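Notes follow once the structure below has been shown.
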Amino acid sequence: MKFKKLLLATTASLMLLSTAASADITRIGIATEPYPPFSVPDAAGNYNGWEIEIANAVCAAAKLECEIVASAWDGIIPSLKAEKIDVIAASLSVTAARLKVIDFSNKYYQTGAALIGAANSSIAPTAAGVGGKTIGIQSASIHQAYAAKHFPDASIREYQSQDEANQDLFAGRIDATLADVLTLDAFLASEEGQACCKLLGIAKNDVEILGEGIGFGLRKGNDELKAKLNAAIDQIRSDGTYAKISAKYFDFNIYGD
Amino acid sequence: MLNYRDMSVADLLALAPPGWGGVLLDGLWLSLQVAGAGYIIGLLIGGSGALLKISGGPLTRDLLTCYTTLVRSIPELVLILLIYFAGPVALNQLLSALGLPKIEISPLVAGITVIALVQGAYITEVVRGAIEAIPVGHIEAARSLGMRPFTIFRRITLPELLPTALPGLSNLWLIATKDTALLAVVGFSELTLVARQAAATTKHHLLFLCAAGLLYLIVSVISNWLFRRLENRVNRGQSHV
């Protein structure tokens with residue numbers, strides 16, 4: 001039948017168009033959506049940023065031949081499961097829900113909880129350091145939970161948004177504010193932030209509240225690749241490559257502790 | 001990092017990097033490739049589907065009704081996700097069960113497949129309607145003159161169905177060009193995705209989304225003009241009512 005032949009021919013030509021999966025190249029999946037300064041596309045079609053450099057450094061250390069593949073953030077875990085990519089390097093936080101469907105390498109960065117305060121302040125992000133001080137915190141955030149547990153002697157003032165806390169810090173109504181280091185770094189870089197405040201330090205991590213950080217996503221059962229990536233993360237951490245790349249982008253410790 | 005904030009509109013839309021104009025045009029070209037290939041395969045599916053629906057046996061007819069009903073009732077977005085994510089997994093399981101090597105479906109192939117399947121279903125119905133509008137007497141007259149089926153198709157069916165089918169077909173083409181935007185969900189760098197990337201990277205959202213809208217508009221206007229010429233040609237010799 002003519003129609004059947006046509007259908008066969010169409011299917012055959014579609015199959016020819018699709019290339020066979022190559023086993024030697026490790027495909028590193030990143031999100032197409034810009035996430036500065038971690039991953040930023042340019043008009044030439046390349047992706048740059050801290051995370052891209054780290055992924056390339058990890059590949060070099062693990063002696064893997066890698067290829068960066070951009071896929072939509074929404075579909076990045078399905079892409080991993082459908083074997084369109086082998087590793088996710090898209091600032092994916094390790095969470096219990098995600099661990100049910102995919103596996104993670106050790107963390108390669110963690111945006112810790114930072115404490116910022118007035119430029120002449122000497123408060124340290126510890127229980128003793130903030131004792132008796134007024135700390136502004138966004139209500140219902142993980143940072144509120146952190147402060148409730150680790151800063152028992154501080155007086156906590158709650159805000160609906162971090163912006164309001166920043167404004168009150170600028171106005172001198174609070175001594176310091178605790179929030180994600182990336183959020184606060186953006187405020188410190190602003191005109192107001194530069195005028196008033198500075199980074200006082202990163203609070204000690206608490207995995208139960210702040211999470212385990214950000215790791216490379218992997219398919220479950222891909223233990224060989226996982227071991228290679230973990231070894232490579234350790235290697236670039238110890239040989240200074242990690243610090244060298246990070247210094248170009250951040251003025252704080254992006255790895256956390 | 002580049003300072004996009006202080007760049008002029010002309011610099012932002014420049015064809016060479018750091019301008020994003022070239023990226024937008026590449027995206028448009030990919031969109032048109034997917035839409036074009038999908039539409040042509042859709043025409044083949046739709047044409048054959050319509051003929052079989054009219055002249056095929058009961059089984060063929062039922063199968064085709066299943067196809068057109070299913071595809072026309074599932075949103076294209078769902079079909080794209082199914083074909084791109086679930087399709088390869090199922091296909092590769094089947095292939096490895098048969099001992100064949102795995103294949104990989106690229107976003108381009110997935111996109112063309114989806115557009116072709118969807119367009120095929122709609123075109124089947126458009127063409128079927130157009131064929132059924134042809135007076136039976138014309139076909140009977142051709143048959144009584146001893147014409148073979150293919151000659152009847154070429155001389156009677158095709159010229160008589162085109163005037164009725166073309167407006168519907170031109171609509172479907174316009175829909176196909178815009179359906180490509182849905183491929184952004186699988187990370188296929190067609191026009192909408194690159195426009196959104198450019199917007200998010202440079203923070204000039206309005207500029208790039210308007211630029212993409214303008215490109216889609218230009219495609220539509222040119223397509224309309226071409227289809228109108230085509231319609232004038234297939235309508236020649238007919239009295240206008």
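The values are calculated or read from the model by the stated rules, or taken from the named source; none is laboratory data. This one's a predicted model, so the numbers in the text were calculated from it and none came from an experiment. Cβ sites come from the backbone with ideal geometry, for glycine too, and all protein chains shown count toward neighbours.
Tabulated data
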read-out: Count of the stretch A:74-124 residues which are away from chain B (no Cβ under 13 Å) and part of a strand (DSSP E or B); value: 15
read-out: Per-region count, the stretch B:175-192, residues in a helix (DSSP H, G or I) and either within 9 Å of chain A (Cβ to nearest Cβ) or β-branched (Val, Ile, Thr) (or both); value: 7
read-out: Any hit, the stretch B:218-233, residues being away from chain A (no Cβ under 14 Å), over 30 Å from B:Ile83 (Cβ atoms), in contact (Cβ under 8 Å) with a residue 40 or more places away in the chain and surrounded by 13 or more Cβ atoms within 10 Å (Cβ to Cβ); value: yes
read-out: Residue match in the stretch B:25-42 (condition: surrounded by 14 or more Cβ atoms within 10 Å (Cβ to Cβ), among the acidic types (Asp, Glu), more than 28 Å from B:Ile152 (Cα to Cα) and at pLDDT 85 or above); value: yes
read-out: Selected residue [in a helix (DSSP H, G or I), closer than 23 Å to A:Ala31 by Cα and more than 14 Å from chain A (Cβ to nearest Cβ)] from B:Leu162, B:Leu214, B:Leu206, B:Leu169; value: B:Leu206
read-out: Residue that is within 21 Å of B:Ser48 (Cα to Cα), more than 14 Å from chain A (Cβ to nearest Cβ) and touching a Leu at 6+ places or on another chain (Cβ under 9 Å), where the choices are B:Val118, B:Val136, B:Val127; value: B:Val118
read-out: So A:Ser246, is it among the polar types (S, T, N, Q) and more than 16 Å from the chain's Cα centre (by Cα); value: no
read-out: Residues that are assigned to a helix (DSSP H, G or I) and either within 14 Å of chain A (Cβ to nearest Cβ) or surrounded by 14 or more Cβ atoms within 10 Å (Cβ to Cβ) (or both), drawn from the stretch B:139-154; value: B:Ile139, B:Ala142, B:Pro149, B:Phe150, B:Ile152, B:Phe153
read-out: Residues of the stretch A:228-257 satisfying the condition of being small (Gly, Ala, Ser) and more than 19 Å from A:Gly217 (Cβ to Cβ); value: A:Ser238, A:Gly240, A:Ala243, A:Ser246, A:Ala247
read-out: Residues that are surrounded by 14 or more Cβ atoms within 10 Å (Cβ to Cβ) and among the polar types (S, T, N, Q), drawn from the stretch A:95-142; value: A:Ser105, A:Asn106, A:Gln110, A:Thr111, A:Ser121, A:Thr126, A:Thr134, A:Gln138, A:Ser141
read-out: Residue check for A:Ala60: part of a helix (DSSP H, G or I), more than 8 Å from every other protein chain (Cβ to nearest Cβ) and surrounded by fewer than 18 Cβ atoms within 10 Å (Cβ to Cβ); value: yes
read-out: Flag for B:Leu52 being under 17 Å from B:Ile123 (Cα atoms), in a helix (DSSP H, G or I), within 11 Å of chain A (Cβ to nearest Cβ) and under 20 Å from the mean Cα position of the chain (by Cα); value: no
read-out: The stretch B:88-124 - residue that is assigned to a helix (DSSP H, G or I) and touching a Ser or Thr at 6+ places or on another chain (Cβ under 6 Å) and, of those, surrounded by the most Cβ atoms within 10 Å (Cβ to Cβ); value: B:Thr124
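Rundown of residues vs (1) facing chain A (nearest Cβ under 10 Å); (2) among the polar types (S, T, N, Q), yes/no style:
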| site | (1), (2) |
| --- | --- |
| B:Thr60 | yes, yes |
| B:Leu70 | no, no |
| B:Ile74 | no, no |
| B:Tyr84 | yes, no |
| B:Val89 | yes, no |
| B:Pro101 | yes, no |
| B:Ser106 | yes, yes |
| B:Val109 | yes, no |
